[in-house]
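Data first, discussion second: the structure below is written as structure tokens.
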Amino acid sequence: MKLLRYGIFAIIAILAVFLSFYTEKFFMVGQPAQIFTYYSSKVIYFFYIFFSLSFLFNFGSFLKKKDPFYLKWGRYFIFHLIPLLIALIFSWPGIFVWDEFWIYECASKFILDNWQSYLSVYYYIINLYIFPSIGTIVLAHIIIFSFVSSWILTHLTITLTNHKFKWLLLLLTGIAVVSPAILFNTLMTYRSSILATLELLLCGLLYFSAQKKIHINPPKLALICLLTVLLSVWRKEGIYHLLLVSMFLLIFCRHYLNRKALISFFIAIIGGYFTLDVAYSYFFSQQHTSMKYELTAYMNPLSIILADKDSSIDGRTIEVFNKVIDVEKTKQLSYHYETPSFWNNGVRDNFTADDFNDFKKAYWKTVWANKDIFVTARLRTMLGASGFSLKGYYSANGIYNYLIGVDNRENAKKTVLEHKVNFPISLWTSSKIVTYLEYSKRHSIIFWNFIPLVLILLIIFIREFSLRNPSIWIICIILARIPILFILEPGSYFMYYYPMYLSGTYLLFFYLVDKTSHFLARGGSHG
């Protein structure tokens with residue numbers, strides 16, 4: 001019976017692939033630039049549809065059986081989906097800022113560009129196959145997020161007997177979902193937004209497997225493996241997931257995951273990382289593009305050091321820098337919140353790999369010699385991303401701004417706006433969402449501030465520290481990107497910290513439920 005069911009799913013997935021040869025005509029520009037990208041996207045789309053059908057059938061089967069967990073999960077899913085769908089309808093086709101237009105252009109030409117990760121290009125293509133509007137990409141993210149968040153909420157409330165506390169938790173979750181930081185990132189298709197949802201799912205899987213002693217069966221282990229690899233590859237700073245997730249499984253799951261399963265997991269994540277990252281770099285060499293992207297991490301703090309009259313930099317180091325960047329322009333355009341020199345011809349066109357290696361050695365030597373300037377500059381950049389400056393970068397509705405004449409940069413949006421399905425349903429409805437967004441940005445220290453959350457998580461870490469406490473390991477997974485971003489973030493962009501913000505918010509829910517359950521249990525035992 002199961003084989004028959006999977007056979008039906010496979011047939012439907014094959015039909016969907018055949019249908020994609022029709023839907024692609026509405027977004028594809030010319031002939032596919034890369035044949036490998038074109039056909040590999042069909043294969044990925046097949047599995048995307050197959051496993052989506054499998055999940056939805058399984059979900060529907062448990063609903064039909066009136067399983068208590070799935071009935072509650074279904075209600076909470078609707079609880080999440082409705083406000084997010086309304087927000088999508090009002091903001092249709094969603095919130096698109098800047099780089100997403102380039103990703104769409106690469107998707108429309110089937111080019112695996114790695115500036116925002118080639119995985120982002122694949123993600124766009126397979127959702128455009130379903131329906132050729134960029135709104136479909138946002139809708140897919142909304143559905144995935146709604147399933148993940150409602151699944152976590154179901155786990156948190158299923159064992160609670162205190163109805164007042166259940167309603168309080170529902171209220172807090174509802175407020176979190178429609179708060180600007182989470183709402184607008186859910187309406188976005190930046191890889192940081194998508195990765196945040198994937199990291200939230202991973203944290204939930206790990207936490208409940210340890211806290212509730214839920215068995216990790218082979219499909220669930222495979223899902224954890226896939227999430228770990230994607231989080232490690234899709235953004236470079238996520239590579240620490242390979243280590244921390246492996247250690248979590250070793251500590252909390254070794255009693256029911258046999259040695260063979262654990263070894264298979266370790267081999268799979270290393271092999272997956274090698275295949276998706278290293279192999280891509282080998283077969284699709286974009287060395288100069290990769291070097292320029294990496295350069296963005298250095299130019300922001302370097303510009304501050306170069307412009308500081310008290311900095312210590314020798315003439316030989318300046319010569320090394322000058323082979324890769326225009327030192328004078330970088331100094332003149334020093335800025336704590338972005339890298340304007342990078343975007344204004346401050347990078348040499350003909351620098352080599354050897355030049356860049358020498359540049360990096362000189363950079364770290366310069367940073368060490370100017371530690372005080374570096375740390376001060378980095379702190380200001382991070383605080384700018386957390387709402388302490390109105391010069392920080394948050395969400396913006398690029399399509400709406402362009403259509404009302406605020407943003408006249410036509411080329412970035414031309415390809416997208418050639419299709420009517422990508423136009424707002426109404427500029428009036430879009431203006432309501434934009435009003436909410438702009439209000440939150442004017443009060444960014446309230447609505448886009450992640451520093452209080454970081455401090456709370458650090459307090460919990462100190463108070464509850466124990467290597468046998470799963471919450472401590474989840475906090476490590478959530479906060480591990482902070483020191484990496486502190487050193488390497490190219491500007492004050494909230495989106496870099498959003499995965500931490502989303503998972504950190506839900507970890508507070510984990511902690512609140514855990515402590516309340518213990519409190520109620522003690523009260524019951526005494527009363």
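The values are calculated or read from the model by the stated rules, or taken from the named source; none is laboratory data. If you're wondering where the values come from, they're calculated on a predicted model, not measured in any experiment. Note that each Cβ is placed from the backbone with ideal geometry, even for glycine, and that neighbours are counted across all protein chains shown. These accessible areas exclude ligands, DNA and RNA; they are computed on the full protein's heavy atoms, side chains included. Shrake-Rupley method; radii C 1.70, N 1.55, O 1.52, S 1.80 Å.
Matching residues to (1) among the acidic types (Asp, Glu); (2) under 30 Å from Phe321 (Cα atoms); (3) open to solvent by less than 30 Å² (accessible area, probe 1.4 Å); (4) outside any helix (DSSP H, G or I):
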| residue | (1), (2), (3), (4) |
| --- | --- |
| Lys361 | no, yes, no, no |
| Trp364 | no, yes, no, no |
| Val375 | no, yes, no, no |
| Leu379 | no, yes, no, no |
| Leu390 | no, no, no, yes |
| Tyr402 | no, no, no, no |
| Leu417 | no, no, yes, no |
| Trp428 | no, no, no, no |
* Give the stretch 57-74 a look and list any residue that's open to solvent by 30 Å² or more (accessible area, probe 1.4 Å) and touching a residue at least 40 places away in the same chain (Cβ under 8 Å), or say none. => Phe57, Pro68, Phe69
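From the list Val320, Val324, which one is touching a residue at least 40 places away in the same chain (Cβ under 8 Å), in contact with a Phe, Trp or Tyr (Cβ under 7 Å, 6 or more places away or on another chain) and more than 19 Å from Leu243 (Cα to Cα)? Talk me through it step by step, then tell me what you get.
On the way: Val324 fails: touching a residue at least 40 places away in the same chain (Cβ under 8 Å).
Checking each option against the conditions leaves just Val320.
Tell me, which residue of the stretch 471-484 that is buried (at least 20 other Cβ atoms within 10 Å of the Cβ) and not basic (Lys, Arg) is farthest from Lys236 (Cα to Cα)?
If we take residues in the stretch 471-484 being buried (at least 20 other Cβ atoms within 10 Å of the Cβ) and not basic (Lys, Arg), then Ser471 is farthest from Lys236 (Cα to Cα).
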* Asked: Counting just the residues of the stretch 210-241 that are under 20 Å from Tyr118 (Cβ atoms) and basic (Lys, Arg), which one comes out most open to solvent (accessible area, probe 1.4 Å)?
  -> Lys236
* Which residue, of Trp102, Trp92, Trp98, is modelled with pLDDT of 95 or more and either closer than 28 Å to Pro490 by Cα or of a type outside the set (Asp, Glu) (or both)? -> Trp92
* Asked: Given (1) open to solvent by less than 60 Å² (accessible area, probe 1.4 Å); (2) part of a helix (DSSP H, G or I); (3) without any contact (Cβ under 8 Å) to a residue 40 or more places away in the chain, where does Tyr439 come up short, assuming only one miss?
  -> (1)
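Suppose we filter Ser41, Ser54 for residues that are open to solvent by less than 50 Å² (accessible area, probe 1.4 Å) and either β-branched (Val, Ile, Thr) or free of Cβ contacts under 8 Å to residues at least 60 places away in the same chain (or both); which single one remains? Before you say what the answer is, go through the steps one by one.
On the way: Ser41 fails: either β-branched (Val, Ile, Thr) or free of Cβ contacts under 8 Å to residues at least 60 places away in the same chain (or both).
Matching residue, one of Ser41, Ser54: Ser54.
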* Are there any pairs, at least 6 apart or on different chains, whose C-beta atoms fall under 9 Å, with the first in the stretch 260-278 and among the aliphatic types (A, V, I, L, M) and the second open to solvent by 50 Å² or more (accessible area, probe 1.4 Å), and if so, which? -> Ala261/Pro218; Leu262/Leu250; Leu262/Arg254; Ala268/Ala222; Ala268/Leu226
* Filtered residues of the stretch 157-182 (kept if in a helix (DSSP H, G or I) and either of a type in the set (Gly, Ala, Ser) or open to solvent by less than 10 Å² (accessible area, probe 1.4 Å) (or both)) -> Thr157, Leu169, Thr173, Gly174, Ala176, Val177, Pro180, Ala181, Ile182
* Structure fact -> Out of (1) open to solvent by 40 Å² or more (accessible area, probe 1.4 Å); (2) within 29 Å of Ser440 (Cα to Cα); (3) hydrophobic (A, V, I, L, M, F, W, C), the one Ile318 does not meet is (2)
* Asked: Residue check, Asp99 against (1) over 19 Å from Arg235 (Cβ atoms); (2) open to solvent by 10 Å² or more (accessible area, probe 1.4 Å), all met but one. Which one?
  -> (1)
* Could you check, for the stretch 67-79, whether at least one of its residues is under 15 Å from the mean Cα position of the chain (by Cα), outside any helix (DSSP H, G or I) and not hydroxyl-bearing (Ser, Thr, Tyr)? => no
* Among the listed residues Leu276, Leu302, Leu244, which satisfies the condition of being open to solvent by less than 20 Å² (accessible area, probe 1.4 Å), in a helix (DSSP H, G or I) and modelled with pLDDT of 90 or more? -> Leu302
* So which residues in the stretch 486-508 are farther than 30 Å from Pro301 by Cβ and open to solvent by 20 Å² or more (accessible area, probe 1.4 Å), if there are any at all? -> Leu508
* From Ile152, Ile125, Ile95, Ile142, residue being within 21 Å of Leu437 (Cβ to Cβ) and part of a helix (DSSP H, G or I) -> Ile142
* Since Lys441 meets every condition but one in (1) over 25 Å from the mean Cα position of the chain (by Cα); (2) modelled with pLDDT of 90 or more; (3) charged (D, E, K, R), which condition does it not meet? -> (1)
* Structure fact -> Reported set for the stretch 184-204 where residues are open to solvent by 10 Å² or more (accessible area, probe 1.4 Å), among the aliphatic types (A, V, I, L, M) and either more than 18 Å from Ile103 (Cβ to Cβ) or not in a helix (DSSP H, G or I) (or both) is Leu201
* Structure fact -> Tyr118 fails exactly one of (1) modelled with pLDDT of 95 or more; (2) closer than 30 Å to Glu294 by Cβ; (3) open to solvent by 10 Å² or more (accessible area, probe 1.4 Å); (4) not acidic (Asp, Glu), namely (1)
* To do: Assess whether Tyr393 counts as being over 23 Å from Ser192 (Cα atoms) and in contact with an Asp or Glu (Cβ under 9 Å, 6 or more places away or on another chain).
  => no
* Residues of the stretch 102-115 that turn out to be buried (at least 24 other Cβ atoms within 10 Å of the Cβ) and within 20 Å of Ser395 (Cα to Cα), as a count -> 2
* Structure fact -> The number of residues in the stretch 349-359 that are free of Cβ contacts under 8 Å to residues at least 40 places away in the same chain and not in a helix (DSSP H, G or I) is 3
